[in-house]
Amino acid sequence: MQIRLGYELVYQCPQPTPMILHLHIHYTRTSDLVRPDYLHTDPPVPISMYRDGFGNWCSRIVAPPGRIRLTADALINDRGDPEPIVYNALQHPVETLPEETLVYLLGSRYCETDLLTNTAWQLFGHTPLGWARVQAICDYVHQNITFGYQYARPTKTAWETFNERQGVCRDFAHLAIAFCRCLNIPARYCTAYLGDIGVPAVDAPMDFAGSMEVFLGGSWHAFDPRNNQPRIGRVLIARGRDAADVAITTTYGLHTLESFRVWTDEVA
């Protein structure tokens, strides 16, 4: 199958404003691109690119005073299969984990393992190790946190989500990630395109999707505590410790987001 995906972001800036953008499809999907997700700006401005410490492609621009429009429109091939379930994926003892996974056991800006460790062991310490334990975490978060865009705020952490019992997809992911780390399971935050492919359409504006990957059985596996089911057509953008590492835009100065549009549609 093929998926058309892209975005249009419109900002107003009172003065020249540097921006870092995590908007490019992840390098692991580059070979699937039929039409690249080139970043276009209106008005045109110089764009430089680099790979961050997690391997994500980032763009740097300086937005001029006034209105700037950022957009991309790509086409990508996708297998069209639901994300795999690997029930026999085993949990690694910490001493055998690959070094590159260890950073994903630590607390981070939005995932306060120090505040949630006791709760994590009380809730999930009795569950089987491995895939079943991660699924139990996702089930708990999915069933106990109420989703709603009105509950979003940029400062909300896993601890606050646990206590307030409400949030958006990134809050679901942060809480599940924190629980996994408390239980010695490496977990990292992911942002992606995710359309309503293979599921009933949702009557809400399309957005980028926050989920997580966990390291079990020698490889990383996708889990989505917000939707809590394998999905079709998730297209990865970036990975990091939490949303602070993969913010769609990081803006160094005053600005107003005037318009935000994302599309992810199966091409007939």
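None of the figures in this text is laboratory data; all of them are computed from the coordinates on show. Just so we're clear, the structure is a prediction, and the values are computed from it rather than from any experiment. For neighbour counting, all protein chains shown are included, and Cβ atoms are generated from backbone atoms with ideal geometry for every residue, glycine included.
A quarter of the convex hull surface defined by the alpha-carbon atoms of the chain gives 14.3 nm² as the mean projection. Other residues within the sphere of radius under 9 Å centred on the Cβ of GLU213, judged by their own Cβ, net out at +2 (K and R +1, D and E -1).
Dipole of the chain computed with +1 at Lys/Arg Cβ and -1 at Asp/Glu Cβ about the Cα centre; of VAL62, TYR110, VAL199, farthest Cα towards the positive end is VAL62. Does the range 1-144 classify as rounded, prolate or oblate by the C-alpha gyration tensor (a ≥ b ≥ c root eigenvalues; a/c under 1.5 gives rounded; else a/b over b/c gives prolate, otherwise oblate)? It comes out prolate by the Cα gyration axes. A quarter of the convex hull surface defined by the alpha-carbon atoms of the range 63-151 gives 11.5 nm² as the mean projection. Volume per residue of the convex hull around the Cα atoms, evaluated for the range 94-245, comes out as 111 Å³.
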